[in-house]
1. For the stretch 394-403, what are the residues that are free of Cβ contacts under 8 Å to residues at least 60 places away in the same chain and crowded, with 21+ Cβ neighbours inside 10 Å?
2. Show me the strands (runs of 3 or more DSSP E) found entirely inside the stretch 547-623 where at least 3 residues are touching a residue at least 40 places away in the same chain (Cβ under 8 Å) and among the small types (G, A, S).
3. Could you tell me which residue of the stretch 306-365 is farthest from the chain's Cα centre (by Cα), considering only residues that are among the polar types (S, T, N, Q), at pLDDT below 85 and buried (at least 17 other Cβ atoms within 10 Å of the Cβ)?
4. Could you please find all residues in the stretch 24-54 being out of contact with any strand residue (DSSP E or B) (no Cβ under 6 Å at 6 or more places or on another chain), more than 16 Å from V80 (Cα to Cα), at pLDDT 80 or above and not aliphatic (A, V, I, L, M)?
5. Could you figure out which of (1) out of contact with any Lys or Arg (no Cβ under 8 Å at 6 or more places or on another chain); (2) without any contact (Cβ under 8 Å) to a residue 12 or more places away in the chain isn't true of P489?
6. Just to verify a result, which residue in the stretch 305-317, among those that are in contact with a strand residue (DSSP E or B) (Cβ under 8 Å, 6 or more places away or on another chain) and not polar (S, T, N, Q), is nearest to R616 (Cα to Cα)?
7. What's the number of the only condition in (1) among the acidic types (D, E); (2) in contact with a Phe, Trp or Tyr (Cβ under 9 Å, 6 or more places away or on another chain); (3) surrounded by 16 or more Cβ atoms within 10 Å (Cβ to Cβ) that E225 fails to meet?
8. Please state which one of A301, A325 is among the small types (G, A, S), in the same structural domain as L379 (by TED's automatic domain parsing) and under 20 Å from R616 (Cα atoms).
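The values are calculated or read from the model by the stated rules, or taken from the named source; none is laboratory data. Everything numeric here is computed off the predicted structure, so don't read it as measured data. Here the Cβ is made from the backbone with ideal geometry for all residues, glycine too, and neighbour counts use every protein chain on show.
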Amino acid sequence: MGKKILLVDGDTQFCKLIVPVLEGRGHKVLQAESGARGDELLKTESLDLVIVSGAMPDGDAVEWINSLRISGNHIQVVFVGVSFQEVQAHKTKLENELGVSLSVHKPVIPFVFGAQVETQLSSDGQDNQSKKLKDFETMFLALVTKYSRVLPDKLRDLSSAIEKARANPQDRDLLAEVRGQAHKIKGTGGSLGFRQVGECMAFIEHAATTMHQKHEDEQNLLWSEVERKLIDAKSAGEQEAKDVAQVVSGKETEPEHAPSMARILVVDSDREFLDIVEELGKQRLVEIVRASSFNEAMDRACLLPLDAALINVAQEDPDESFKLARELRGLPGYETLPLAFISGNALIKDRVEAAHAGASLYLDKPLESDSLEKAVQHLVAIRQGGRPRVLICDDDEFFANTVALTLRNEGMVVRILLDPNKILDTMQDFPPDMLLLDVMMPDVTGFEVCRMLRQVPRWQDLPIIFLTGQTGVDARVEAFRSGGDDYLPKPVVNEELLTRVKVRLDRSRLLKERSDKDTITGLLLRRAFSEQLSGMIAEAQRTKLKFTVCLLDVDLFKKVNDSYGHLAGDRVLAGLGSLLARRFRVDDLRGRWGGEEFILAFRREAKETMHAAINRVLNEFKAIEFTGDHGEVFHVSFSGGMASFPEDGESVYELLQTADRRLYDSKKNGRSQITYTELTQTQTPTLA
């Protein structure tokens, strides 16, 4: 929920930069150009935070805050000094005496400052918010540091391109090279906080675009101005790199550490083993949350946001371990928590129980470093499956990394593609929920890529946002004509980027859920399930791994409707859908095939293993008490048929045909059972 913020600052340029950032985060900003006006608003408005700048025309900002405290007002205050020296001079008094929660100095990077203010306004999880912000600042600083090192080379390359283009005024290709290089530096430099460099590049890009329209004398004057802008950019780049680094870190120019790639709960009573895993985690940038008992594990899960859990299967009481897994998945927000079990003596029955509890992996002790890394990567990938996936297609690696950092900081899964010619292969491997597409790329334009994607049925509804330095009417019209949903000018204003991306993703998700999910059971509909099953077959063919499908059918469902009413029938379908959603692994597929038929698909699992797990679900389902439309209590069962890739078929049709035949065998053989092999001739099916 947005907050009400008072900004007291006489610097109009600073206000123009900051107000849109804060409003973009959903807050309301009141502006006061002087301390006196700030006093008036404090008396009449109910405020959540005050931002006070040293650039106060009618007095000293520190004294103004002091007067605020003397009057008994303890509202949160953020102080923005006009220089690093001013902040350092008053830091002790601001923090210790006046209770100022954040002190920064100009120049600020707008979206970093916005994130810092957001942390101050957060009412819960302050430590987690601060850590998230610190990680973001660390990664952003790393990008700035790297870019400041390569910027001189990029400016030298641009200088060479300008020299060649000026010597050959009729060569449009050389002008295009100048325009392209300036465009990239403008986009990346501007987004990373190199404001003056970005402004110089914008001038050079525009000059290269319009140069051929000028007479010779005008061209000479324009080239002279271009060279002056290039000199300005070179001198500004070095200073701005220092300024940006100081804004982000205060004093450091290199990141202290890389943030953890995941937070994993590890549950084991063996403290020596926990020490080993924790050390492996440090080597692999994984934060290990230790727990040695059931209760300790539940406490840790309630206090800390987890990406996955590794649970040791205690030989003396394995059921306790599987119970813990089910309890963890029952916590709010952890319904899709990826799980893995560890065992020094894995038994078949334990593996079956683990599959039923929702384990995606079953690891053997001793746990090697590479095994831990692969397990974590797999579990985190599963966890990310529920997070928005964004593909950035841009040949400027630094700009793409800048945008990716901003999106990842908001919990999105981002992949970068530098070569647009590989986009179809990349999207097959990484199906995105959104595409951010550059316009100016070598060989092929973003408009051409967008038109091509709109001809592929799978990607006709994919949200596509163009990132471009071309903001003229023709470019905007072409963006929509080619099938784009939106466009953003470079350099990107990160708050605007986040707002537009989130709005498009939310709208796309709602539309997709309405078209993909069954309203009664909450499971995938037949079309959506078939699309994902086809992807699973392609993955299995590529990796040479097996998987299993299972068709389920509620027994005597017509009798349920006739005897207990159609609403009772819906309650049966909803109950089975809910049970299937809670059981098995996060990355398994669950769908309603039609009527009273359901379908399941299990990655990397043989039918023999999953047969026992589905039987466990069958027993659970049979124990559920359903109520008829007139209060009658009744129980229901289901029957099933299973088939595995590739032994029972190598296509969707072959697998489902086999599973359906075995489902029919289950029905003929008495119902309330799961069949995964062909009935032998010695077996005599009987109708129930």
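1. A400
2. Values: elements: 547-554, 589-594, 597-603.
Of the strands (runs of 3 or more DSSP E) lying wholly inside the stretch 547-623, none has at least 3 residues that are touching a residue at least 40 places away in the same chain (Cβ under 8 Å) and among the small types (G, A, S).
3. At the first step, the residues of the stretch 306-365 found to be among the polar types (S, T, N, Q) are 312, 315, 321, 336, 343, 345, 360.
Right, trim to at pLDDT below 85 and you get 315, 336, 343, 345, 360.
Checking which are buried (at least 17 other Cβ atoms within 10 Å of the Cβ) leaves us with 343, 360.
Values: S343: 32, S360: 21 Å.
By that ranking, first place goes to S343.
4. Start the filter on the stretch 24-54 by keeping residues that are out of contact with any strand residue (DSSP E or B) (no Cβ under 6 Å at 6 or more places or on another chain), which leaves 24-26, 33-37, 39-40, 42-46.
Applying the additional criterion that residues be more than 16 Å from V80 (Cα to Cα) yields 24-26, 36-37, 39-40, 42-46.
From what is left, the residues that are at pLDDT 80 or above are 36-37, 39-40, 42-46.
Across the stretch 24-54, the qualifying residues are R37, D39, E40, K43, T44, E45, S46.
5. (2)
6. Out of the qualifying residues, it is V313.
7. With respect to (1) among the acidic types (D, E); (2) in contact with a Phe, Trp or Tyr (Cβ under 9 Å, 6 or more places away or on another chain); (3) surrounded by 16 or more Cβ atoms within 10 Å (Cβ to Cβ), E225 is out only on (3).
8. On the way: A301 fails: under 20 Å from R616 (Cα atoms).
Exactly one of A301, A325 is among the small types (G, A, S), in the same structural domain as L379 (by TED's automatic domain parsing) and under 20 Å from R616 (Cα atoms), namely A325.
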